[in-house]
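The values are calculated or read from the model by the stated rules, or taken from the named source; none is laboratory data. Because the structure is a prediction, the values reported are computed rather than measured. All Cβ positions, even for glycine, are placed from backbone atoms using ideal geometry, and neighbour counts span all protein chains on display. For the accessible areas, the whole protein counts, side chains as well, though only heavy atoms, and no ligand, DNA or RNA atoms are used. Shrake-Rupley method; radii C 1.70, N 1.55, O 1.52, S 1.80 Å.
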Amino acid sequence: MRSIDRNGVTAETERVPSGVLGRTLAVLEAFRTGEASLPLAELSRRTGLPKATVHRMLGEMRRERMVEQLDDGSYRLGLRLFEIGERVQTHRSLSQAALPIMEDLREATRQRIHLAVLEGVDVVYVEILGANLLRQIGSRTGGRFPAHATGVGKAILAYSPAAVVRARIDAGLERVTPRTITTPGAFQRELQEIRTKGFAQDREESHLGISCVAAPAFGADLKVAAALSITGRTRSIDPIRLG
């Protein structure tokens, strides 16, 4: 089972990755938010790959501008990854559609606004407004977090097919904080309550002292496509008014 650090990032790889693509992704995902660069030894430790293997891969990735090597010998992610990411049309069009609503929400509530989608059993944050608020929250654009421990994740799962919910449960309902829902029965009851109310809550389940209210967003096919949340310190979040 994965261990989740305070920023919602997998602390260590679950297993040594296999295949060229798997190893490449393991190296890229070893870089975490806020880290300027990483030395070869740390990349080897985080990926579980031999130093010689990682060194060879980094050489190939440098030639493709996926990573850059600094004067001290450490490595950082390269601009080509940003260039490729900007071509992902689904998330860009979703952001463009949601931004006016997100801006209205931020103006009305003065809280932090998240837009997220479900990817596998995690949520990925597509857009965040008010990112300078609540710096203790580790969410970032492009970052991911276990779906069961977030308002946006629960809002999406409540309206997802049963197989999608089962995949999250089968992956393990990890305890992120003492308030995280960790039993399948309680989690299923939570999703039913969300469908009844029409919105979800994160009651300090992802970060102590922080709560949120989230609502699902549906596509033209009437299937749940994403979720929006209003996040702030627990004392400032009124679930009835915001929901």
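Summary of computed values
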| quantity | calculated |
| --- | --- |
| Rounded to whole Å, sorted largest first: equivalent-ellipsoid semi-axes of segment 172-243, Cα gyration tensor | 21, 17, 11 |
| For residue 216, net neighbour charge (Lys/Arg +1, Asp/Glu -1) across residues whose Cβ lies under 11 Å away | +3 |
| Per DSSP, loop trypsin sites (Lys or Arg not before Pro) in segment 203-234 with at most 11 further Cβ within 10 Å | 223 |
| Packing-based order for 171-178, 144-151, using average beta carbon neighbours within 10 Å, highest first | 144-151, 171-178 |
| Net +/- balance of residues flanking residue 55 in space, Cβ distance below 14 Å, scoring K and R +1, D and E -1 | +4 |
| Computed accessible area, residue 160, all protein chains, 1.4 angstrom probe, square angstrom | 20 |
| Accessible area expressed per residue, the chain, with surrounding protein chains retained (probe 1.4 Å, Å²) | 53 |
| The chain: equivalent-ellipsoid semi-axes (sqrt of 5 x gyration tensor eigenvalues, Cα, Å) | 33, 20, 17 |
| Proximal lysines relative to residue 197, as straight alpha-carbon distance under 30 Å, when same-chain residues fewer than 8 apart are discounted | 154, 223 |
| Crossing angle, helix 89-109 versus the chain [Cα axis fit, 0-90 degrees, rounded to tens] | 50 |
| The chain, accessible surface, carbon-and-sulfur percent (1.4 angstrom probe) | 53 |
| Under-5 Å amide H pairs with residue 112, H placed in peptide plane, nonlocal only | 231 |
| Charge sum, other residues only, whose C-beta stays under 13 Å from residue 124's C-beta, Lys/Arg counted +1 and Asp/Glu -1 | -2 |
| For segment 152-169, 3J(HN,Hα) per residue [Karplus equation, 6.51 cos²θ - 1.76 cosθ + 1.60, θ = phi - 60°, Hz, x = Gly/Pro] | 5, x, 5, 5, 6, 5, 4, 10, 9, x, 4, 5, 5, 5, 4, 4, 5, 5 |
